[in-house]
């Protein structure tokens, strides 16, 4: 049975790592989220469009176009939209301080919450040693992560048919594998320290596909997650309170409905999606 959800209005919404242009992108969930949420300001915190993947093979279904059109409609109706490019849409960094369809392109931003906290907003790839110092390793990780997403998608198709909820293999491995956990903690430490150095009260980022709100020695660290696996966004209410919203379980999409694009051959998996880091 299709679920229903009321329209929620927030002061601010942060969304990152959508990876439009890849088969792993859950555009239908993001579109559903945007239909049920409104905000005065929306931050697009990088890797919204996956230029890495689109350079290799073109994939742009109607749902991906619908997400772009929905965001532009929100801007026309009065929502302020700020796009902070990430490493997968880094080509947009050549257009910072410009606007496209009313969407402002910024290298980074400082957001002041309703209760007065100053939050540095950036994608976060500058604090990822794999991206900055070993780009070849990041590209190699592309294929490995792609294969895992392919396995995860088919596994969840079977789970839905049996009436079980969505389960993320990648998120499970990140929690269980010691090196992955250490990578997440080290990333958070590094980017929180940068916020401290700049005199900010906290930081909002994306990049590592791990939604979280945590205190790092007095600096608030917020990661908005992704729309490949967890389908999460960071939201601020009108009192300044921050929360991570997961739409994979709270959305209106029928959890038993089969996802599109599930007939890709296994040996094509390496060309389906981006590495998401």
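The values are calculated or read from the model by the stated rules, or taken from the named source; none is laboratory data. What you see is a predicted model; the values in this text were computed from it and never measured. Using ideal geometry, Cβ is built from the backbone for each residue, glycine included, and neighbour counts are taken over all protein chains shown.
Residue-level check: of (1) over 19 Å from the mean Cα position of the chain (by Cα); (2) modelled with pLDDT of 95 or more, residue 58 misses just (2). Selection of region 9-20 for residues being more than 10 Å from residue 227 (Cβ to Cβ) and touching a residue at least 60 places away in the same chain (Cβ under 8 Å) yields 10, 11, 12, 13, 14. Hey, does region 6-17 have a residue that's crowded, with 24+ Cβ neighbours inside 10 Å, part of a loop (DSSP other than H, G, I, E, B) and at positive phi? Scanning region 6-17 turns up at least one residue that is crowded, with 24+ Cβ neighbours inside 10 Å, part of a loop (DSSP other than H, G, I, E, B) and at positive phi. Against the numbered list (1) surrounded by 24 or more Cβ atoms within 10 Å (Cβ to Cβ); (2) touching a helix residue (DSSP H, G or I) at 6+ places or on another chain (Cβ under 9 Å); (3) at pLDDT 95 or above; (4) closer than 19 Å to residue 85 by Cβ, residue 53 comes up short only at (3). Scanning region 61-101 for residues that are in contact with a strand residue (DSSP E or B) (Cβ under 9 Å, 6 or more places away or on another chain), surrounded by 14 or more Cβ atoms within 10 Å (Cβ to Cβ) and part of a loop (DSSP other than H, G, I, E, B) gives 79, 84, 85, 88, 89, 96. Determine whether region 78-86 contains at least one residue that is at pLDDT 95 or above, touching a helix residue (DSSP H, G or I) at 6+ places or on another chain (Cβ under 6 Å) and on the phi > 0 side of the Ramachandran plot. Among the residues of region 78-86, not one is at pLDDT 95 or above, touching a helix residue (DSSP H, G or I) at 6+ places or on another chain (Cβ under 6 Å) and on the phi > 0 side of the Ramachandran plot, which makes the answer no.
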